[in-house]
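**Student:** First the structure, which I've put down as structure tokens, then a few questions once you've had a look.
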Amino acid sequence: MVSRKSLVGDFSSDDYMAIKLFKERSKELFQTKRKYPNWPISKTSRVHDSLVFHGNTPDIDTVKLLALNFRFFYATKELTHFETIINSIRRHAIDDWAKGYLDHVKSSYKKDMRSTDVSGNMGRPTTNREIIDYWFNSKFFHSDVSKNSILQALHNEIGEHTSLFQLNLAIAKCSSHIASLYVALNQLEEAHPYIYTPNHNFGYKTQSAV
């Protein structure tokens, strides 16, 4: 799949350090995900006048372990923040097809972050980015009281099981785009300034680069 070899411009030593850390954190994320290989599957049905959610939600400790690895790509202050890394690679890319692929990966990531599929089906559309924010900052890694109140209100409407499922699904979907970027820059280092992308023109001029 990744058969196109593309030269990239000069990175600083700090850039290369961030890329190295991104690759290391990616491997840790993939190793954790291999322990829990089931893809999130769900359905929403109507029983009498109520919506009922069914999903293969893992236990909360499993999701928290996945979240622990994923947060290195989600938190904006991390050197390995996904959007910061892909923007850096995009700025240094020379080949138009490589730029197009990077734009495609970033656009897909942002689309999944905006998705409200699970909670929306339950009548309370909440984006994946919001779900991640509420869980990370009020339950898993911080104790933000205001966000915890929002999350509890959401749980009162759609159920904690549904909310946790959407969090797990959001991490799974966004991790797939992290994997795509990892494959593209896996061999990128100072002695080998190349990335590898599909031999296909994704038309970067028509893709959003923001």
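The values are calculated or read from the model by the stated rules, or taken from the named source; none is laboratory data. Please read these numbers as outputs of a predicted model, since none were measured by experiment. Positions of Cβ are generated from backbone atoms using ideal geometry, with glycine treated the same way; all protein chains shown enter the neighbour counts. For the accessible areas, the whole protein counts, side chains as well, though only heavy atoms, and no ligand, DNA or RNA atoms are used. Shrake-Rupley method; radii C 1.70, N 1.55, O 1.52, S 1.80 Å.
**Student:** Across segment 125-138, which residue is nearest to ILE60 (Cα to Cα) among those that are charged (D, E, K, R) and surrounded by fewer than 19 Cβ atoms within 10 Å (Cβ to Cβ)?
**Tutor:** This residue is ASP133.
**Student:** Give me a count of the residues in segment 1-44 that are small (Gly, Ala, Ser) and within 18 Å of the chain's Cα centre (by Cα).
**Tutor:** 2
**Student:** With respect to LEU21, determine if the residue is at pLDDT 95 or above, closer than 30 Å to ALA93 by Cα, open to solvent by 40 Å² or more (accessible area, probe 1.4 Å) and in contact with a strand residue (DSSP E or B) (Cβ under 7 Å, 6 or more places away or on another chain).
**Tutor:** Spelling it out, it is not the case that LEU21 is at pLDDT 95 or above, closer than 30 Å to ALA93 by Cα, open to solvent by 40 Å² or more (accessible area, probe 1.4 Å) and in contact with a strand residue (DSSP E or B) (Cβ under 7 Å, 6 or more places away or on another chain).
**Student:** Just the residues that are in a loop (DSSP other than H, G, I, E, B) and open to solvent by less than 50 Å² (accessible area, probe 1.4 Å), please, taken from segment 27-52.
**Tutor:** Hit for segment 27-52 is PRO40, nothing else.
**Student:** Only one of these is surrounded by fewer than 15 Cβ atoms within 10 Å (Cβ to Cβ), touching a residue at least 24 places away in the same chain (Cβ under 8 Å) and more than 17 Å from the chain's Cα centre (by Cα): ILE94, ILE60. Name it. Step through it out loud before you land on a result.
**Tutor:** On the way: ILE60 fails: surrounded by fewer than 15 Cβ atoms within 10 Å (Cβ to Cβ).
Result of the check over ILE94, ILE60: ILE94.
**Student:** Another question, if that's okay. Which one of the conditions (1) free of Cβ contacts under 8 Å to residues at least 24 places away in the same chain; (2) surrounded by fewer than 19 Cβ atoms within 10 Å (Cβ to Cβ) does LEU68 fail to meet, given that it meets all the rest?
**Tutor:** Only one criterion is unmet by LEU68, namely (1).
**Student:** Specify which of the listed residues (VAL118, VAL105) is surrounded by 15 or more Cβ atoms within 10 Å (Cβ to Cβ), touching a helix residue (DSSP H, G or I) at 6+ places or on another chain (Cβ under 9 Å) and closer than 30 Å to ASN201 by Cβ.
**Tutor:** After ruling out the rest, the residue left standing is VAL105.
**Student:** From the list ASN156, ASN168, ASN148, which residue is closer than 16 Å to GLY55 by Cβ and either open to solvent by 70 Å² or more (accessible area, probe 1.4 Å) or not hydrophobic (A, V, I, L, M, F, W, C) (or both)?
**Tutor:** ASN168
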